[in-house]
Amino acid sequence: MRLKGKHIVLGITGSIAAYKAAYLLRGLVKEGAEVQVVMTPAAKEFITPVTMSALSGKPVASEFFTANDGTWHSHVDMGQWADLMVIAPATAATIGKMAHAVCDNLLITTYLSMKSPVMVAPAMDLDMFRHPANQKNIEILRSYGNMIVEPREGELASGLIGKGRMEEPDVIIEEIVKFFDRKKKLLNKHFLVTAGPTFERIDPVRFIGNHSSGKMGYAIAESLADSGALVTLVSGPVTVKTNHPNISVVKVMSADEMYRQCVVAFPGTDGAVMCAAVADFTPENTANQKIKRGADDLVIRLKPTPDIAAELGKMKTDKQVLVGFALETQDELENALRKMKKKNLDFIVLNSLNDPGAGFGVDTNKITIIDRNNIQQNFELKSKSEVAADIVDKILEVIAGK
Ligand code: CTP
């Protein structure tokens, strides 16, 4: 009973693989999960709601209202009740609607209302699966942090052979169990994460800033929180948001404010991930009034900001983990190694602005992790949430060795 007490919303869409959802449902119930099934109208052409309600022990939700008594099937309630939503099988049409918020059935509204993570198991013909439109939609779902259970190569309902067969129910169940295990790995741990840029005030309307969007730092905070940790996220000015219950966000503006929040929070934590693009210099004086244009050149004298990571490196105890980032444009490895040692980090995450798809603003990143034993791990280009999960795995490895 590895899923005892877990609440799972199982979404089923109109694919021939819908019959496998019955095996999936039976397996989830056997593992102790409580399952609420949501079916699209097309799914009911492939498998009956009677089968699914008999296996789950609950009425299937499919329409917004029950016609005869007007009962409202609340997608909002399901979104709050679930610990996980699993959509299996997910057709190309459903994946497209999920990616673009086309709410023409209860399953899509439930997806958009979902407070918990979502796992998607696509099922379709090979040409549909590899079509760029479908691949793009899958990428969009990944960028939202949804987990994709890749389909298998094999014989398809069309008789063709290729990639598109929904993964087998027992494998999907193992993925679900792994997901819940991961949630427990950092239970009772507390982490500090910095994210975003800092803005250094020149006068009441102007500042020195940078292009950091905060997306990577927020993804790391969410991944730590998904693993059960409590996270203090000290964030510079960004538009990205999180409403994860385990994350408390402390908004700051300047490097100095970020420094002050971090030195207070760090001693109570099990570690910190320094993801912010902190300004290295700040104006020596901030003008109280807007600086007026004059005939002469304007000279703004800058002074160095505190190096937050280096300061935490000095405070760090043997049990704490400290992780830094290096965004480099040249001599990447040497610079990253130098920073790791100088700031007393346990490992450093290197991303190069020379890699397309990596760096500021985008939803993807390509990283290399370098640790104190000089072990280098190169990762593929991935969504920032998948990169965050790789970084959290490395944190778990470092903690285990302490
Ligand atoms: N960092 C920090 N405080 C600063 C500057 C950087 O905490 N004032 C952290 C960043 O969050 C990152 C790491 O230190 O984790 C490396 O940042 P980077 O700007 O690449 O390094 P610098 O020390 O500024 O070195 P350089 O200017 O030589 O690139």
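The values are calculated or read from the model by the stated rules, or taken from the named source; none is laboratory data. Nothing here was measured: the structure is a model prediction, and the numbers come from that model. Because the Cβ atoms are built from the backbone with ideal geometry, glycine has one as well, and the counts that use them run over all protein chains shown.
When region 262-271 is filtered for residues that are in contact with a Ser or Thr (Cβ under 8 Å, 6 or more places away or on another chain) and either assigned to a helix (DSSP H, G or I) or modelled with pLDDT under 95 (or both), the ones remaining, listed by number, are 262, 265.
If you go through region 236-244 one residue at a time, do you hit one that is outside any loop (DSSP other than H, G, I, E, B) and among the small types (Gly, Ala, Ser)? No: zero hits.
The set of residues in region 314-355 that are touching a residue at least 12 places away in the same chain (Cβ under 8 Å), out of contact with any Phe, Trp or Tyr (no Cβ under 8 Å at 6 or more places or on another chain) and either among the β-branched types (Val, Ile, Thr) or not assigned by TED's automatic domain parsing to the domain that holds residue 378 (or both) comprises 321, 329. Looking only at region 142-152, decide whether some residue is among the polar types (S, T, N, Q), touching a strand residue (DSSP E or B) at 6+ places or on another chain (Cβ under 8 Å) and surrounded by fewer than 21 Cβ atoms within 10 Å (Cβ to Cβ). Yes, some residue in region 142-152 is among the polar types (S, T, N, Q), touching a strand residue (DSSP E or B) at 6+ places or on another chain (Cβ under 8 Å) and surrounded by fewer than 21 Cβ atoms within 10 Å (Cβ to Cβ). Only residues that are in contact with a helix residue (DSSP H, G or I) (Cβ under 7 Å, 6 or more places away or on another chain), over 30 Å from residue 91 (Cα atoms) and assigned to a loop (DSSP other than H, G, I, E, B) were counted across region 160-210, and they come to 4.
Do we find a residue being of a type outside the set (A, V, I, L, M), farther than 20 Å from residue 145 by Cβ, within 25 Å of the chain's Cα centre (by Cα) and surrounded by 20 or more Cβ atoms within 10 Å (Cβ to Cβ) anywhere in region 51-73? So far as region 51-73 goes, no, none of its residues is of a type outside the set (A, V, I, L, M), farther than 20 Å from residue 145 by Cβ, within 25 Å of the chain's Cα centre (by Cα) and surrounded by 20 or more Cβ atoms within 10 Å (Cβ to Cβ). When region 151-162 is examined, which residues are found to be closer than 18 Å to residue 14 by Cα and either acidic (Asp, Glu) or within 28 Å of the chain's Cα centre (by Cα) (or both)? 151 - this is the single residue of region 151-162 that is closer than 18 Å to residue 14 by Cα and either acidic (Asp, Glu) or within 28 Å of the chain's Cα centre (by Cα) (or both). Restricting the first member to region 238-267 and to residues that are of a type in the set (Asp, Glu), and the second to residues that are in a helix (DSSP H, G or I), no beta-carbon pair is closer than 6 Å while six or more apart or on different chains.
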